[in-house]
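Visitor: Just passing along the structure, written as structure tokens.
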Amino acid sequence: MTLTLETPALLFSATSLILLAYTNRFLTLASLIRSLKKNYLEQKEMDVLLEIKNLNLRLTLIRWMQLAGVLSLFLSVLAMSFIYLELELPAVYLFGSSLLSLLISLGVSLWEISISVEALRVHLKDVVSE
């Protein structure tokens, strides 16, 4: 397999946009958690505590999504460095690892989204019947 510098570079824009989306999700959840914590400390409602626990799990997943995304970008840059040094076989393996890391990031993202959807359904159960 022949790998050129352009091939790993293709991941840059996609990975950067994905990391931006992950960061936005993180910031939104962080803000929501802060307000729910304040609400919980004032009223001690069990539903609010359960929601905070759900959001905590989602924050953990977002951290893993970001880690895998950054690792994907790092391995892609490393692959480009190896291509530049004309070390093709290690470059191919690094690029493959970069793709795998991106796939893991997207898989964890799918998991986090499914938890989010389920939490919203529980939140809306008394308003909407399926």
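We did not get these values from a lab; they are worked out from the coordinates using the rules stated. A quick note: this is a predicted structure, and the numbers were derived from the prediction, not measured. Every residue, glycine among them, receives a Cβ derived from its backbone with ideal geometry; neighbour counts consider all protein chains shown.
Visitor: Give me the net charge of Tyr22's neighbourhood, meaning all other residues with Cβ under 15 Å from the Cβ of Tyr22; Lys, Arg count +1, Asp, Glu -1.
Guide: +2
Visitor: Going 7 Å from the Cα of Leu99 along its beta-carbon direction, which residues of the range 56-76 have the amide nitrogen within less than 14 Å of the resulting point?
Guide: 76
Visitor: If you scale each eigenvalue of the Cα gyration tensor by 5 and take the root, what three semi-axes come out for the range 1-111, rounded to whole angstrom and sorted largest first?
Guide: 40, 11, 8
Visitor: Using Cα springs under 10 Å in a Gaussian network model of the chain, which residue among Ala68, Ala79, Ala14 shows the largest mean-square fluctuation?
Guide: Among Ala68, Ala79, Ala14, the largest mean-square fluctuation in the Gaussian network model of the chain belongs to Ala14.
Visitor: Can you tell me the FRET efficiency between Val77 and Val117 if r is taken as the Cβ-Cβ distance and R0 is 30 Å, rounded to the nearest 0.05?
Guide: 0.30
Visitor: Okay, which of the range 51-70 sit inside 14 Å, backbone N to the point 7 Å along the Cα-Cβ direction of Ser16?
Guide: Of the residues in the range 51-70, none has backbone N under 14 Å from the label point off Ser16.
Visitor: Follow-up question, since we're still on this one. Take the alpha carbon gyration tensor of the range 56-127, find the square roots of its eigenvalues, order them as a ≥ b ≥ c, and report rounded if a/c is under 1.5; if not, report prolate when a/b exceeds b/c, else oblate.
Guide: Prolate is the answer for the range 56-127, as a/c is 1.5 or above and a/b outweighs b/c.
Visitor: Quick one: helix 88-124 against the long Cα principal axis of the chain, what's the angle to the nearest 10°, folded into 0 to 90?
Guide: Taking the Cα atoms of the chain, the angle to 88-124 is about 10 degrees.
Visitor: Also, I was wondering about something else. On full extension of the chain, what length is gained from Lys38 through Leu85, given 0.36 nm per residue of separation minus the C-alpha to C-alpha distance?
Guide: Contour length minus Cα-Cα distance gives 11.5 nm.
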